[in-house]
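Enquirer: For reference, the structure I am asking about is given below.
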């Protein structure tokens, strides 16, 4: 069944020194390796200055490190630094596209295609845009195994009214890895733009933005072993150049007079105000950390843990796993429901054993409605997890069944 | 297993809730959700000419704490005037539950009280003060 190592790939996470902590909530936010914390502290302690205009050595040092980190982050996902815009988080990155690209490119009678499994962050901005301009949303259905149909996408694209196809790379509930290259190619052939939400993909599997070919690809730093407060938007240059700025103010200008403003070049045109400098540097260390482990090894490891979790969880009577049946179709997460207990009660009882899982609708209420569920319990995996953590989860679920099981 | 939060009476109400199910032509009705865990609860009341609760039914789904709370309070409010129902506070529920409720579970416990009070006053009632998200002022805006 699973042949890869079942022990953790990396363990130098200070928070894991807490006795007994079983962290299975990396899809919500990842824990931070020591090297990332060190990079954050080192920058703030020894290299801190504002970027872009300083001429003294410390400022030049800060600027150099900031630029180098952007280049490192861009290279990690196969993107160009000039096409790599630093935002607050993935949500802001999607909103940037919605506000800056949207009104010029989507109008009355047009359509936007989403999947039923999108996170609210990749639904609400498009819903708002559609309301504003009089466009419609078309929902790609997910089937019983959590998969979308490219045939349905073709149907949606056939009338030529679709202007944007926005799809998650990896579902944060079902775990499904979507065929994003095919989605992007079909969208482009039909004259539609594409946006891929890579929040659950980037730290867990090889992502090459250039090869995927999406017009926009977004992800977030804090789920990728980096700090909070930094998200990424990779966009195609010709689109970014044609788009007006999103937020305006300092740093994003070339010249400002009493009468008018000319805007800065890419990527700075979209980065108004002081950017998250230390966070960018720390995220550079985070992608270095992942590269050091090897993204293919990371993927193999998490796939093995996921396969083990699927087999162990499915052996529990009354437990239903959501999403694709095979680990190779999934990112490193498993959502499930128990017949006898509500996910919130499951998570509470697991929490007493320091087994940290998420329970709720996972910001995917339309998907929950489709699945006929109010909530699920989700365990998600990272490089520091091992099969021991899955065993702890399964053992703790035994306590839930002991409390709730008998009717 | 002996468990303080999930004591026997609470599990009993969760598994076999009282006054659950539909009601035809209710006089009063209210629906609300707990966005934290996706709980949904609808309450339906029949009241007599003096605004006294004659019948109560709940519908919805949620965690053990929210469902048991609804079941327990439903037994208590029959024969109560709507005015008195509207004046109930959290102690009505917490006394019935008889357990310590953590800050994150407080909304689960108090959702049933919120929909009941909403049905009584005919408009959406506020969450009880200090119920949940720390950023929201006590007794403040609706979700």
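No lab work stands behind these numbers, since they all come straight from the coordinates. None of the values given here were measured: they were computed from a predicted structure. Because the Cβ atoms are built from the backbone with ideal geometry, glycine has one as well, and the counts that use them run over all protein chains shown.
Enquirer: Quick check: pseudo-label points 7 Å beyond the Cα along Cα→Cβ at residue A:29 and residue A:189, how many nm apart are they?
Expert: Computed distance between label sites residue A:29 and residue A:189 equals 4.2 nm.
Enquirer: Also: Subtract the Cα-Cα distance of residue A:258 and residue A:238 from 0.36 nm times their separation in residues, and report this length gain in nm to one decimal.
Expert: Fully extending the segment from residue A:258 to residue A:238 adds 4.3 nm.
Enquirer: Here is a follow-up. Please report, in cubic angstrom per residue, the volume enclosed by the convex hull of the alpha-carbon atoms of the protein assembly as shown.
Expert: Expressed per residue, the convex hull around the Cα atoms of the protein assembly as shown is 180 Å³.
Enquirer: Bin all alpha-carbon pair distances of the stretch B:8-121 at 10 Å intervals from 0 and give each bin's fraction as a whole percent.
Expert: Bin by bin from 0 Å, the calculated values are 15, 52, 29, 4.
Enquirer: Can I ask one more? How far is helix A:343-352 tilted off the main Cα axis of chain A, in degrees rounded to 10, range 0 to 90?
Expert: The answer is roughly 80 degrees.
Enquirer: Remind me, relative contact order of the stretch A:36-291 in percent, using alpha carbon pairs under 8 angstrom and six or more residues apart?
Expert: Relative contact order, the stretch A:36-291: 25 percent.
Enquirer: Place a label point 7 angstrom from the Cα of residue B:3 along the Cα-to-Cβ direction, then list the residues of the stretch A:346-376 whose backbone nitrogen is under 17 Å away.
Expert: A:346-360, A:376
Enquirer: Sort A:111-117, B:67-73 for me by packing, meaning the mean count of neighbouring Cβ atoms within 10 Å per residue, highest on top.
Expert: B:67-73, A:111-117
Enquirer: May I pose another question? Relative contact order for the stretch A:319-383: what is it in percent, counting Cα pairs under 8 Å that are at least 6 residues apart?
Expert: Here the relative contact order equals 36 percent.
Enquirer: In nm, to one decimal, how far is the residue A:120 label point from the residue B:83 one, both placed 7 Å along Cα→Cβ?
Expert: Here the answer is 3.9 nm between the modelled labels.
Enquirer: With a 10 Å cut-off between alpha carbons and a GNM built on chain A, which of A:181, A:17, A:279 moves the most?
Expert: Fluctuation is largest for A:17.
Enquirer: Could I ask something else about it? Tell me, how many Å apart are the Cα centres for the stretch A:259-279 and for the stretch A:186-239?
Expert: Their Cα centres are 20 Å away from one another.
Enquirer: In what sequence, highest mean first, do A:314-323, A:387-396, A:90-99 appear when ranked by Cβ atoms within 10 angstrom?
Expert: A:90-99, A:387-396, A:314-323
Enquirer: Using 0.36 nm times the number of residues separating residue A:370 and residue A:136, minus their current alpha carbon distance, what extension gain do you get?
Expert: Using 0.36 nm per residue and subtracting the Cα-Cα distance, I get 82.3 nm.
Enquirer: Now for a different question. Of all DSSP beta bridges in the protein assembly as shown, what percent run antiparallel (nearest 5)?
Expert: Once the DSSP bridges in the protein assembly as shown are tallied, antiparallel ones form about 65 percent.
Enquirer: Take the Cα of residue A:75, step 7 Å along the line toward its Cβ, and report every residue of the stretch A:263-285 whose backbone nitrogen sits under 19 Å from that point.
Expert: Hits in the stretch A:263-285 for residue A:75 at 19 Å: A:267, A:280-285.
Enquirer: Report the residue, chosen from A:331, A:374, A:198, that carries the largest GNM mean-square fluctuation when chain A is represented by alpha-carbon nodes joined by springs under 10 Å.
Expert: Sorting by GNM fluctuation, first place goes to A:374.
Enquirer: Let me ask you something else. Which of these, A:72, A:354, A:128, has the largest mean-square fluctuation under a Gaussian network model of chain A (Cα springs below 10 Å)?
Expert: The residue that fluctuates most here is A:128.
Enquirer: Over the stretch A:257-403, what relative contact order in percent results from Cα pairs under 8 Å that are six or more residues apart?
Expert: Once normalised by length, the contact order is 22 percent.
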